[in-house]
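Here's the structure, in structure tokens; my notes come after.
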Amino acid sequence: MSPQSRQWRGVIEEYGHRLDIPAGTPTITLGEGGTPIVSSAWLSEVTGGQVWLKVEGSNPTGSFKDRGMTVALSVAVGQGAEAVVCASTGNTSASMAAYAARAKIKPLVLVPQGKIAAGKLAQAIVHGAQVIMVRGNFDDCLAMSRELADKYPVALVNSVNPMRLQGQKTASFEIVDYLGDAPDVHVLPTGNAGNISAYWMGYEESLAAGESTKLPVMRGWQAAGAAPLVKGAPIPDPETIASAIRIGNPASWDLAMAAADHSGGKFRSVSDEQILSAQRQLANTEGVFVEPASAAGVAGLLLEAAEGARYDGEKIVVTVTGHGLKDIDTALSTFTEVVDTVVNTDVDEAARAAGLA
Ligand code: AN7
């Protein structure tokens, strides 16, 4: 890249000095990170605070997973790995497959059969991953992936690999950079709980480095049918339409609980209906199309506002974690009155159909 270029260079080049990774690690990047922070007049009005959306669907493979995957794959390659494995509800596998293709190593993904959104599965396939469907849920796939990595020459890149959180913490750095300080509240969907743990690490490091003056209250939102962190115990059979967060036994349980406790935050849940409603409202009010799981935080903010919570004078950042195009089947399933107007090649007919004439 030319020296005068102002293009974003990916999280390792931008934040390498703040990442705890082995010296001499090569850089496998697709230019991830540097995602938009979009103000939301709608959510600001509803809550009384100032609300921004951190739009992680703008990452190269369409989700926040790319921040962690650039680091995990770079370190794996630096350590001589020839194959990588992950369990996934979809986005981790899409991201891993892309970075593994770039690193020229073999990607192996374990996913719960029939529970992966079509767009994500397509990504894993097209990037050349070996996709193994498991008759079980995500938690079963993660247990199998861990064991595969223990017994065979394949590196595990789920978020139990600490390199993933190193990469994902950079989202906090970007938010602190944009706002000039940490927000008062940070809201995000929570499944395997790596992301909330990574954000918290990033905010703590920003404070320690003198980049910010405070720590946000961390608010994680789960789907009602898959809310182990709300219940306080693993859920053996998690179920939700938000397939990305259909997880019953989060790997980063302790880190996530510590983030909530130490920040004065907590976990709550929203129903599938609330998630789908928030997804649709966000798309047609703010122009931001996110996948169902990604709308859980927005749904939570709306729920608490409806319960009477006020955030006057406070700054709130809501991470929307993945792109709406990942799962169009679920997005369109909420439309009962399907627009299906067919006209001849006749402008007047089109005008009448559109209500213009
Ligand atoms: C869009 O891809 O776990 O709490 O295997 O895809 O850090 O797990 C995805 C999780 C939120 C939850 N939003 O984040 C996987 C996987 C989206 C996601 C989450 C996921 P974590």
What does the accessible area per residue of the chain come to in Å², with a 1.4 Å probe and no ligands, DNA or RNA counted?
43
For the chain the mean separation of alpha carbon contacts under 8 Å (6+ apart) over residue count, i.e. relative contact order in percent, is 19
In a Gaussian network model of the chain with springs linking alpha carbons closer than 10 Å, the residue among Val46, Val343, Val230 that fluctuates most is Val343
Given a Förster distance of 41 Å, the FRET efficiency implied by the Cβ-Cβ spacing of Glu273 and Arg352, rounded to the nearest 0.05, works out to 0.70
Within the range 1-110, GluC sites (Glu not before Pro) in DSSP loop having at most 14 other beta-carbon neighbours inside 10 Å:
Glu82
The range 1-69-the range 228-303 distance, computed between alpha-carbon centres (Å)
21
Let me have the 222 nm mean residue ellipticity of the chain computed from DSSP H runs of 4+ only, each contributing -39500 (n - 2.57), with the sum over all residues rounded to the nearest 500.
-12000 deg cm²/dmol
Accessible area of the chain belonging to carbon and sulfur atoms, whole % at 1.4 Å probe
51
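With only Lys, Arg, Asp and Glu charged, each at its Cβ (+1 for the first two, -1 for the last two), find how big the charge dipole of the chain is about the Cα centre; round to the nearest 20 debye.
940
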What does DSSP give for the chain in terms of the percent of beta bridges that are antiparallel, rounded to the nearest 5?
15
Please identify, among Lys104, Lys315, Lys115, the residue showing maximal mean-square fluctuation in a Gaussian network model of the chain using a 10 angstrom Cα cutoff.
Lys104
Hey, can you grab everything whose amide H is under 5 Å from the amide H of Ala226? Only 5+ residues off in sequence or another chain; H modelled, so Pro and N-termini drop out.
Glu239
Residue separation between Leu325 and Leu179 times 0.36 nm, minus their alpha-carbon distance, gives in nm 49.7 nm
In the chain, taking the dipole from +1 charges on Lys and Arg beta carbons and -1 charges on Asp and Glu beta carbons about the Cα centre, the listed residue (Gly31, Ser212, Ala357) farthest towards the positive end is Gly31
If I build a Gaussian network model for the chain, linking alpha-carbon pairs within less than 10 angstrom, which residue out of Phe173, Phe138, Phe64 has the largest mean-square fluctuation?
Phe173
Amide H contacts under 5 Å for Leu156, placed H, 5+ residues apart:
Val85
Loop-only check: which GluC sites (Glu not before Pro) in the range 220-315 are DSSP coil with at most 10 other Cβ within 10 angstrom?
Glu307
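The values are calculated or read from the model by the stated rules, or taken from the named source; none is laboratory data. These figures come from a predicted structure and were not determined experimentally. All Cβ positions, even for glycine, are placed from backbone atoms using ideal geometry, and neighbour counts span all protein chains on display. For the accessible areas, the whole protein counts, side chains as well, though only heavy atoms, and no ligand, DNA or RNA atoms are used. Shrake-Rupley method; radii C 1.70, N 1.55, O 1.52, S 1.80 Å.
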